[in-house]
1. Would you confirm whether or not segment B:57-73 contains a residue that is crowded, with 16+ Cβ neighbours inside 10 Å, within 19 Å of A:Thr34 (Cβ to Cβ) and of a type outside the set (A, V, I, L, M)?
2. Yes or no: segment A:59-69 includes at least one residue that is surrounded by 19 or more Cβ atoms within 10 Å (Cβ to Cβ) and of a type in the set (Lys, Arg).
3. State whether the residues of segment B:105-114 include one that is within 11 Å of another protein chain (Cβ to nearest Cβ), under 14 Å from the mean Cα position of the chain (by Cα) and without any contact (Cβ under 8 Å) to a residue 60 or more places away in the chain.
4. Is it the case, given these coordinates, that A:Gly99 is of a type in the set (Gly, Ala, Ser), crowded, with 16+ Cβ neighbours inside 10 Å, outside any strand (DSSP E or B) and modelled with pLDDT under 95?
5. From A:Thr21, A:Thr29, A:Thr34, which residue is farther than 28 Å from B:Ser25 by Cβ and part of a strand (DSSP E or B)?
6. Filter segment A:15-34 for residues that are touching a Leu at 6+ places or on another chain (Cβ under 6 Å) and within 20 Å of A:Leu80 (Cβ to Cβ) and give the result.
7. Exactly one of (1) surrounded by fewer than 16 Cβ atoms within 10 Å (Cβ to Cβ); (2) within 12 Å of another protein chain (Cβ to nearest Cβ) is unmet by B:Arg37. Its number?
8. Only one of (1) under 11 Å from the mean Cα position of the chain (by Cα); (2) modelled with pLDDT under 95 fails for B:Gly1. Which number is that?
Amino acid sequence: LAKTTQPISMDSYEGQEVNITCSHNNIATNDYITWYQQFPSQGPRFIIQGYKTKVTNEVASLFIPADRKSSTLSLPRVSLSDTAVYYCLVGDGRKLIFGQGTELSVKP
Amino acid sequence: GAVVSQHPSRVICKSGTSVKIECRSLDFQATTMFWYRQFPKKSLMLMATSNEGSKATYEQGVEKDKFLINHASLTLSTLTVTSAHPEDSSFYICSARTRERGRQETQYFGPGTRLLVL
């Protein structure tokens, strides 16, 4: 299973765009990248998933360069309610091993 | 997205008793479910993979006789913490794997169960 590395924490202000980058140097050919959001005392919530290039949905965008050794989750115009821990996971769907995640704090 | 429920949401029990936690996939069938535990300010730790109709696969260091897993149907997996002790107090989260249209196989998580053993 590919190991992921993310910043431990990030700070932002309401209305700003936030980009969280995840490194996964040993990603395998069959692996895809999935990001989850977790609030305290809740289960992780699926945000976005991709294999290569760019994926966009109603809440976020995911940028994956050609070598796929990293990925960037982009949250447009964050609000206070986006304060949470964000996890980047890499795998082929068989099982997920969570890293430390990035604790995002959005300030007014 | 797919919905996964857990019951109970929180439970308090006495040391030495057993506690059962249910995990259900509400709008899809899941041949594979997963059980995690999470301590405060820590990441999720995978405990075991639950396969419908067969024995669960436990991660290294997880006692299979203490954490009994039963995946009796395509929508239900249960985790029983046997002879619970205070150190078993934690946040237990399940997930179910499915493939939705346009996506690879993805895990969807339940809301979690807070266990406190006195």
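1. No, segment B:57-73 contains no residue that is crowded, with 16+ Cβ neighbours inside 10 Å, within 19 Å of A:Thr34 (Cβ to Cβ) and of a type outside the set (A, V, I, L, M).
2. yes
3. Looking through segment B:105-114, none of the residues is within 11 Å of another protein chain (Cβ to nearest Cβ), under 14 Å from the mean Cα position of the chain (by Cα) and without any contact (Cβ under 8 Å) to a residue 60 or more places away in the chain.
4. So A:Gly99 fits the description; yes.
5. A:Thr21
6. The answer is A:Val18, A:Ile20.
7. All conditions pass for B:Arg37, except number (1).
8. (1)
The values are calculated or read from the model by the stated rules, or taken from the named source; none is laboratory data. Every value quoted in this text rests on a predicted model; they were computed, and no experiment measured them. Note that we place each Cβ from the backbone using ideal geometry, even for glycine, and neighbour counts take in every protein chain shown.
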